[in-house]
Every structure is written in structure tokens, then in C-alpha cells.
Amino acid sequence: MVPYADNILVNFKISGNGEIAGTGSGSPTDMSSFQQPRKKSWQGRCLAIVRPRGEAGKIVLTATADGLKEAITEIVTENK
């Protein structure tokens with residue numbers, strides 16, 4: 001979290017067996033679509049909601065923004 005990072009556009013990218021179900025920042029004034037793979041930060045916060053699709057496996061979520069370090073998260077899904 002970067003508390004001073006207001007209105008920084010964060011771009012999300014998914015690879016693997018998943019998709020972005022929604023994005024958000026918690027801003028009470030943000031009326032932009034929750035279904036876009038990008039969202040402006042608010043009080044240093046921004047999130048992507050990921051859901052699996054297809055077979056079990058690895059989902060890789062990458063978040064990028066100008067002036068901030070790229071972040072990568074790997075999620076492993078399994079069938080039960």
C-alpha cells in the first residue's frame with residue numbers, strides 16, 4: 001500500500017486459468033466500471049477480484065502503474 005498514491009491508474013493483467021471478476025479502490029466518488037482491467041487508486045488502495053475458469057492450475061495477476069514497482073501474485077487453484 002502506498003498511502004499517498006491517489007488517482008494513480010493501476011492496470012491489471014491475468015495469465016493462466018483465471019479472469020478478473022472486478023476491480024475497485026473503495027473510493028466513494030468513483031463511478032467508473034468495476035469490470036475494467038484498470039482502476040484509479042484511492043488512499044493508496046486498489047484491488048482486483050480474480051476468479052478461476054476452466055481447469056485447476058496457476059493464475060498469475062500482474063499489477064502495473066506509472067511510478068510504482070510492478071507487483072505479481074500467483075494463485076494456485078485445485079479441483080476438490
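Annotations
- Phi-derived couplings, Karplus 6.51 cos²θ - 1.76 cosθ + 1.60 at θ = phi - 60°, listed residue by residue for the range 5-19: 8, 8, 6, 8, 6, 9, 9, 10, 9, 10, 9, x, 8, x, 8 Hz, with x used for Gly and Pro.
- Residue exposure sequence - 27, 32 - by fewest surrounding Cβ within 10 Å: 32, 27
- Gained length - residue 33 relative to residue 66, 0.36 nm times residue gap less alpha-carbon distance: 9.8 nm
- Answer label, with P(r) over Cα pairs in 5 Å bins from 0, in percent calculated from the coordinates and candidates [x] 3, 13, 17, 18, 19, 17, 11, 2, 0; [y] 3, 17, 29, 25, 15, 8, 2, 0; [z] 3, 16, 25, 21, 16, 10, 5, 2, 0: [z]
- Number of Lys-Lys pairs in the chain with C-alpha atoms under 24 Å apart and a separation of 8 or more places or on different chains: 9.
Throughout, read-outs are computed from the coordinates displayed, never taken from laboratory work. Just so it is clear, the model here is predicted, and its values are computed rather than measured. For neighbour counting, all protein chains shown are included, and Cβ atoms are generated from backbone atoms with ideal geometry for every residue, glycine included.
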